[in-house]
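Only the coordinates and a few stated rules stand behind these numbers; no lab work does. Quick caveat: nothing in here was measured; it's all calculated off a predicted structure. Glycine also receives a Cβ, built like all others from the backbone with ideal geometry; neighbour counts cover every protein chain displayed.
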Amino acid sequence: MQVRSLAILGSGWHPPLFREEARALLGPIEVLHQRMAFFTQSNEVIDRISGASLIDEALSSTSRLWVYNQKITPDEVASHVAEWSQSFLPEGTFSIRARRLGSGVGSLSRREIETMTGAKIFSETKPVNLENPDHEVVVVLAGPDNSPSQWDERESGELILWGLRDPASIGTYSGLSPTERPFFKPVTLDPRLARLLVCLSFSRGKPSVIVDPFCGTGGIAIEASNLGLQVLASDLDSRMVEGTRTNMEWVSGKSEYSVKRGPASQVHEMWGSIPGCSFVFDPPYGRNAWASEDGLDLLLGALVSARAMSPDGTVCTMLPSSPEALHGPISDSLRVMGMGWGPLKERIIETGWKVSVCSPVRVHKSLSRLVVLCHPAD
Ligand SMILES: C[S@@+](CC[C@H](N)C(=O)[O-])C[C@H]1O[C@@H](n2cnc3c(N)ncnc32)[C@H](O)[C@@H]1O
């Protein structure tokens, strides 16, 4: 089995969830920066990057330089990259692209690094071609994020990393609007979040089937199908069931699917027993969202039924929570679905699942949602 090492760069939209998605899809990662990780994996696992929601790009043959408060000039950076290029940049045309993560490194200018590095590497067998190069060298200037939109337990120092842009990231999430689908309703989950929930459900290996017991317009079913995963979707509302079917025909995904009408508390009876499922859903909640228990019984009922259907499965969902969730570590007193997060986790354990990951996402000024990944409690 051939293995390769890659560095991946994450979307600035949500660095903690970028790292969770990378762990779920790729296994153990070395976190180099809030938005950068390094890992070694087989090609079969690396192929998953192209379906990711929050991975921006992948670089191969990388080298790195930590900058510990010392000053570094563009000329020094260019010399390091030029030395590396002698061993790692294949012959053919090339271009240099510098990009910043967070605040970048000191006052290093991307433009200066690009021109100086290009000039040092340029030769008869390695000419520059900015339009259509055979090889793209990416130089990442990564620094702390000085104005994060939410709290992140991981802090970042200054690091310069460079490598060859790898095709592994081609096809990662590019953001089609759900309003282009034939059946759209305001409840439709943001496609990027739907894709993220499906990707997180790879955390214990590729799921056998994605089950969405609250499928609505089919936002999760569409993303799962685009990744080639079999889908079983259901909803209590027959208009949603028809709408999901229409959307699934329209998307003509790469896998089998079935859509039925029925309550989320009965999925085990609707579909029978199937090992290795991932239950990915966005449950309904009341108008007061995080402050009321409306929706709590529906959630717990769906979890009990999911466990009966697939005792070795996973659950990946989103729960309404107080916006405080965004400003610090998640405490047991945080209000989630009308109760404290600590007691709610206990209620979830009673259904046979245990929370392994939770991370908040901002919805608007007065609402956030916790992305929650669960595994069997025993
Ligand atoms: C937040 S929406 C899901 C949106 C969906 N993820 C999408 O992208 O369109 C919740 C859905 O749960 C459905 N629902 C409400 N109560 C239900 C129940 N007891 N069993 C199954 N579905 C239910 C609603 O009809 C609604 O379509």
Handout entry: 0 to 90° range, to nearest 10: angle between helix 341-350 axis and the chain longest Cα axis
Key = 60
Problem - Ranked packing of 179-189, 109-119, 199-209, most packed first, by mean Cβ within 10 Å - result: 199-209, 109-119, 179-189
Handout entry: Geometric extent, Cα atoms of region 3-169 - Rg, Dmax (angstrom)
Key = 15.7, 49
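Just need the Rg to Rh number for the chain, please, alpha carbons only, Kirkwood Rh.
1.02
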Handout entry: Taking N as its residue count, the alpha carbon Rg of region 9-94 over 2.2 N^0.38 Å
Key = 1.27
Completion exercise
Too long for a 27 Å Cα-Cα cut-off, among K254/K345; K206/K365; K185/K365, are K254/K345; K206/K365
Problem - MRE, 222 nm, helices only [DSSP H, n ≥ 4, -39500 (n - 2.57), over the chain, to nearest 500] - result: -8000 deg cm²/dmol
Problem - Cα-based helix-to-principal-axis angle, 15-26 vs the chain, degrees rounded to 10 - result: 80
Handout entry: Relative packing of 252-259, 354-361, 315-322, which averages over residues the other C-beta atoms within 10 Å, highest first
Key = 315-322, 354-361, 252-259
Completion exercise
Given unit charges at Cβ for Lys, Arg (+) and Asp, Glu (-), the dipole magnitude of the chain about its Cα centre in debye, nearest 20, is 360
Problem - Theoretical FRET efficiency, 1/(1+(r/R0)^6), r = Cβ-Cβ of T179 and N43, R0 41 Å, to 0.05 - result: 0.65
Exercise for the section: Report, in cubic angstrom per residue, the convex hull volume of the C-alpha atoms of region 214-345. Expected result: 119
Practice task
Would you please put 261-272, 13-24 in order of how densely packed they are, using the mean number of other Cβ atoms within 10 angstrom per residue and starting with the highest?
Solution key: 13-24, 261-272
Handout entry: Cross-link partners of K354 among aspartates and glutamates (Cα-Cα below 14 Å; sequence separation of 8 or more within a chain)
Key = D312, E346, D378
Exercise for the section: Have a look at V67, L370, F94 and report the one farthest towards the positive end of the charge dipole of the chain, computed about the Cα centre with Cβ charges (Lys/Arg +1, Asp/Glu -1). Expected result: L370
